[in-house]
1. Across the range 113-136, what is the number of residues that are crowded, with 21+ Cβ neighbours inside 10 Å and outside any helix (DSSP H, G or I)?
2. Return the total of residues in the range 137-176 being surrounded by 13 or more Cβ atoms within 10 Å (Cβ to Cβ) and either among the charged types (D, E, K, R) or in a loop (DSSP other than H, G, I, E, B) (or both).
3. Going through 154, 193 one at a time, which residue ends up being among the polar types (S, T, N, Q) and either touching a Phe, Trp or Tyr at 6+ places or on another chain (Cβ under 9 Å) or modelled with pLDDT of 95 or more (or both)?
4. Right, residue 93: in a loop (DSSP other than H, G, I, E, B) and touching a residue at least 24 places away in the same chain (Cβ under 8 Å) or not?
5. Kindly list, by first and then second residue, each pair from a residue in the range 70-89 that is assigned to a strand (DSSP E or B) to a residue that is of a type in the set (Val, Ile, Thr), limited to pairs with Cβ atoms under 6 Å and residues at least 6 apart or on different chains.
6. Of the residues 199, 189, which is in the same structural domain as residue 125 (by TED's automatic domain parsing), of a type in the set (A, V, I, L, M, F, W, C), touching a residue at least 12 places away in the same chain (Cβ under 8 Å) and part of a strand (DSSP E or B)?
7. Within the range 220-237, identify whether any single residue is among the charged types (D, E, K, R) and over 30 Å from residue 60 (Cα atoms), and answer yes or no.
8. Mind checking whether some residue in the range 11-30 is free of Cβ contacts under 8 Å to residues at least 60 places away in the same chain, surrounded by 19 or more Cβ atoms within 10 Å (Cβ to Cβ) and either among the charged types (D, E, K, R) or in a loop (DSSP other than H, G, I, E, B) (or both)?
Amino acid sequence: MINIAVVGCCGKMGKRVIALIAKDKELKLTAALEREGHPQLNTIIEGVSISDDLSSIKNSDVVIDFTPMPCKRELLDAVMRFKKYLVIGTTGLNPEQVKEIEIAAADAAILYSPNMSMGVNLLFNLIREAAAKLKNYNVRIKEAHHIYKKDSPSGTAKRIAGIIEYETKKQVADIEAIREGEIIGDHEVTFESNLDTIVLSHCAKTRDIFAQGALDAAIWLFGKPAGLYCMQDVLGK
């Protein structure tokens, strides 16, 4: 049995993570956290009282967090203090914020990925292979998300661009970001030459794909030594 703490438990992702924990006999929700002043503090979710006290993670094994970066400093300190494992699925972090996570990973096992979907992380591998073989092709990236998503382009699109740029040594200038309705997350990469067009894409049908990925990451991370990990490690890449 792995005991899980969920930070941002009342958010869209936090709720889905908790719902999936409730269905898994090998996992148990042992802490549910929200920001100070949240209207649902001290209410009960899946038998656990919602708290803003980070010390409540001390009875958990792994902490799962999808909250914005301003919440991270205190969380990173608590994870190191109580020697917990941490899975971070927050997207849109800048290099300085990622650096904070890297520093904390010297003392704690942390898995950070801006996209927790196993399918998207497999897509990264396909894109890497294609970019290595199609260095002279023109490349376009298109991503679409719901209107509430704050970062644009998405962290996933930026990761895709980084993979392509590393393999081709050429900058990806054409990234189209769409914010429309309730789109969960679509990503498409087009490699085009005068002779053919190759399209690689992924469409998320429900947020559960990210929630389940976070739980798979938590199970994989449990017992690992201090260090910074990613979903590629979970996939064995």
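The values are calculated or read from the model by the stated rules, or taken from the named source; none is laboratory data. Since the structure is predicted, the reported quantities are computational estimates derived from the model, not experimental observations. Cβ placement follows ideal geometry from the backbone for every residue including glycine, while neighbour counts extend to all protein chains displayed.
1. Total meeting the criteria: 5.
2. 16
3. None of the others qualify; the one that does is 193.
4. Yes; evaluated as a whole, the condition is true for this residue.
5. 85/62; 86/63; 86/79; 86/110; 87/64
6. 189
7. No, the range 220-237 contains no residue that is among the charged types (D, E, K, R) and over 30 Å from residue 60 (Cα atoms).
8. No: zero hits.
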